[in-house]
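To keep things clear, I will list the structure first and then write my remarks on it.
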């Protein structure tokens, strides 16, 4: 009796990843592309998902982004060319204010001190008018 994992719904990424892994286990001769997808789930997606679930505060967002980018560097260029535009559209935690928040709440004392000085300096040279700054999605240099 051979069971199929069912149809994949891309709106539910964790379920999709679980079903892909289940399908991999039951496949006798998986293709190289399928193995690459499984390895990506095991090396990048699943660890990132668990890290976000354990450390779900906004102060950890930039660390999660860094973890995702750095853990996906093992991929060949043709696959990096696929995921980098997706990451580039979702780099909100690479914004300077989020990076400063991550640095301010980090473990290393000298980085926290440096961050405080950078915030003070930014307030000194900041805009004179008391308006809300327009958010611009930062560019990421992979």
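The values are calculated or read from the model by the stated rules, or taken from the named source; none is laboratory data. Since this is a predicted model, take the numbers as computed values, not measurements. All Cβ positions, glycine included, derive from the backbone under ideal geometry; neighbour counts span all protein chains shown.
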Residues of region 72-89 classified as under 17 Å from residue 61 (Cα atoms) and surrounded by fewer than 15 Cβ atoms within 10 Å (Cβ to Cβ), total: 3
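Quick check on residue 86: is it under 15 Å from the mean Cα position of the chain (by Cα), at pLDDT 95 or above and assigned to a helix (DSSP H, G or I)?
No, not satisfied.
Could you say whether any residue in region 70-82 is part of a helix (DSSP H, G or I) and within 26 Å of residue 105 (Cα to Cα)?
Yes: one or more hits.
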Residue count for region 117-142, restricted to those that are in a helix (DSSP H, G or I) and touching a helix residue (DSSP H, G or I) at 6+ places or on another chain (Cβ under 7 Å): 2
Residue within region 1-11 that is under 26 Å from residue 140 (Cβ atoms) and either at pLDDT 95 or above or surrounded by fewer than 15 Cβ atoms within 10 Å (Cβ to Cβ) (or both) present: yes
Check on residue 101, more than 30 Å from residue 19 (Cα to Cα), part of a helix (DSSP H, G or I) and in contact (Cβ under 8 Å) with a residue 40 or more places away in the chain: yes
All positions within region 90-113 that are over 19 Å from the mean Cα position of the chain (by Cα) and surrounded by 15 or more Cβ atoms within 10 Å (Cβ to Cβ): 104
